[in-house]
Every structure is written in C-alpha cells, then in structure tokens.
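First comes the structure, then the notes that go with it.
The values are calculated or read from the model by the stated rules, or taken from the named source; none is laboratory data. Nothing here was measured: the structure is a model prediction, and the numbers come from that model. As a convention, Cβ positions derive from the backbone with ideal geometry for all residues, glycine included, and neighbour counts pool all protein chains shown. We work out accessible area using only protein heavy atoms, side chains counted, and drop any ligands, DNA or RNA first. Shrake-Rupley method; radii C 1.70, N 1.55, O 1.52, S 1.80 Å.
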Amino acid sequence: MRRPLIGVTGRRYRLDLIKGADERYGDRCVDSCMSDFATRIAEAGGLPVHLSYDTDATDVCQWLSGVVITGGQDVHPACWGGDTSVVRDIDPRTDPMVHDGARDEYEIALVRAALEREIPVLGVCRGLQVLNVALGGTLVADLPPGSVSHLSAEAAPTDGPDDHLVTFEPGSIAAGLFGEHATTNSWHHQAVDRCGTGLVVTGRTSDGVIESVELPGAPVLGVQWHPEWMNSADPTFTWIVQAAAAHCGDEMQRSLQ
C-alpha cells in the first residue's frame, strides 16, 4: 500500500517582510507553509505536499488522498456575508496579519473539491473556519471577552503551556481520538457562528465557543486549536493519515473493479 499523499495549504507574502532579505527582491513573493504540519504528517506515515494558490483545486484532488487546511489570517467577512466595513484595505502580501482574498478563494475551492471526491479533510484553526464557510456557514468576526481566554499569549507557536479544556460529544470522531475532554492550546479570535450545511458541533469550551466540528458519515474534522503545536502527543495527524490511507485503499479497489 502506498503512503497517502496529503496536501497542506499555506500563505503567500513578499520577501521584504523577511528581516535581512535582499532589498532587490523585496517585491517578489514567496509561498510559505508551517513546517510543523509536514513534520507531524510524515511522522504519522503520510507524504505531505505543500499547495500553492496556483495549484488547481479540482485537478490536484485527483492526486491527493487527504487535505489539511492550516491556520493563519482571518477569513474575509465577504466570504460569509459578514460586515466588511471594518476590513483594512491593505495588500495581504505586505502585511501577513490582514485578510487574504486569494487564500480564502483557494482554500474554499479546495475544501469543496475534496468533499466532492470524498477525500478526508482536516481543518486547523482558520482551517475549521474555512471548512464552515465553504459549506455555507457563518463566523463570529471577533470573539468578545469571556470566561475563557481564546487569544492567549501563552499559546503562541512555542512550547508554552496549554490553555483550556474542550468537551466532546460522545460518538464523535473527536471523542474517539481524545475521550470526553482534552486540554488544548488557543490562538484565535474568530469562531464558528452558524454551522454550514451538514456540519455538526462536536466540541466546545465552557463558555460555549465551538472548538470542533464534523461532517457525520464523512472523514471530515475541524479543530479550533493548533495540534501541530501541542506539547503532548496529539492524535489528530494520525487520524488524517489513517483516513487518507483508507481513502487511498478504496480508490485502488475501485480502480481494480
């Protein structure tokens, strides 16, 4: 059995954002993916491949056995009919913290193409939100302060402490991976508001914020935390690799019939 090929999304920005970069090439762009995703996927037995915005979503899904939509910028409110009046009009390639319409468009198309081909999908943080929007759901644009700190400085991309408790629905994929509860990190201020078509909520924090969603009957999981940065062993990447391997085997069986 071949190792499953799993596509991983990233972001695009100008080279002049990199400290010390040669100014002659500052207006050129680079595609970037967090290496932790590739490392975790490879450790779990998969073959990670980084996807640029130029990789046609429909065509590449003819080759992929799994898709991971990663974290990053906020999803633009225009994608779900939210308030666009607060959006800063800045080129996302020059400010990595603002919205990136090209990324939104690509990742939404990728999710839809993967679901069309019944390819396993894992959405991480922003990726959960993209999954929800791709299925017609809406987002909370900016979580109000509450009893749980969702945008925690301690949960930055380091080996810092974990942040809060998530409770999972019995019988869900998440509960099968983590049990009734899991302590996760937290680094987000957007969240799922209304679920997209078919999605169900399978995990929440004590303040009610949605931390995991699934598509019943399909290998689709969205998590609001960052499993690639968890200090302890996290089964999320084992799940996506195993689901992708099963899809790979199903594809091979169909080709032999």
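Would you mind finding the one in 110, 115 that is modelled with pLDDT of 90 or more, of a type outside the set (Gly, Ala, Ser) and out of contact with any helix residue (DSSP H, G or I) (no Cβ under 6 Å at 6 or more places or on another chain)?
Being modelled with pLDDT of 90 or more, of a type outside the set (Gly, Ala, Ser) and out of contact with any helix residue (DSSP H, G or I) (no Cβ under 6 Å at 6 or more places or on another chain) holds for just one of 110, 115, which is 115.
Within the range 170-185, identify whether any single residue is of a type outside the set (Gly, Ala, Ser) and without any contact (Cβ under 8 Å) to a residue 12 or more places away in the chain, and answer yes or no.
Yes: the range 170-185 contains one or more residues that are of a type outside the set (Gly, Ala, Ser) and without any contact (Cβ under 8 Å) to a residue 12 or more places away in the chain.
Got a number for residues in the range 195-225 being hydrophobic (A, V, I, L, M, F, W, C), buried (at least 22 other Cβ atoms within 10 Å of the Cβ) and not in a strand (DSSP E or B)? Explain how you work it out, then say what you get.
So the first thing to find is which residues in the range 195-225 are hydrophobic (A, V, I, L, M, F, W, C), and the list is 195, 199-201, 209-210, 213, 215, 218, 220-221, 223, 225.
Next, from what is left, pick out any that are buried (at least 22 other Cβ atoms within 10 Å of the Cβ): 199, 210, 213, 220-221, 223, 225.
Keeping just the survivors that are not in a strand (DSSP E or B) gives 199, 225.
Qualifying residue count, the range 195-225: 2.
For the range 1-31: of the residues being open to solvent by 50 Å² or more (accessible area, probe 1.4 Å) and within 19 Å of residue 121 (Cβ to Cβ), which is modelled with the highest pLDDT?
5
Of all residues in the range 153-176 being in a helix (DSSP H, G or I) and either open to solvent by 50 Å² or more (accessible area, probe 1.4 Å) or at pLDDT below 95 (or both), which is farthest from residue 229 (Cα to Cα)?
Within the range 153-176, the subset in a helix (DSSP H, G or I) is 153-155, 173-176.
Restricting the remaining residues to those that are either open to solvent by 50 Å² or more (accessible area, probe 1.4 Å) or at pLDDT below 95 (or both) gives 153-155, 176.
On the way: 153: 14, 154: 12, 155: 9, 176: 21 Å.
Checked the range 153-176; the qualifying residue farthest from residue 229 (Cα to Cα) is 176.
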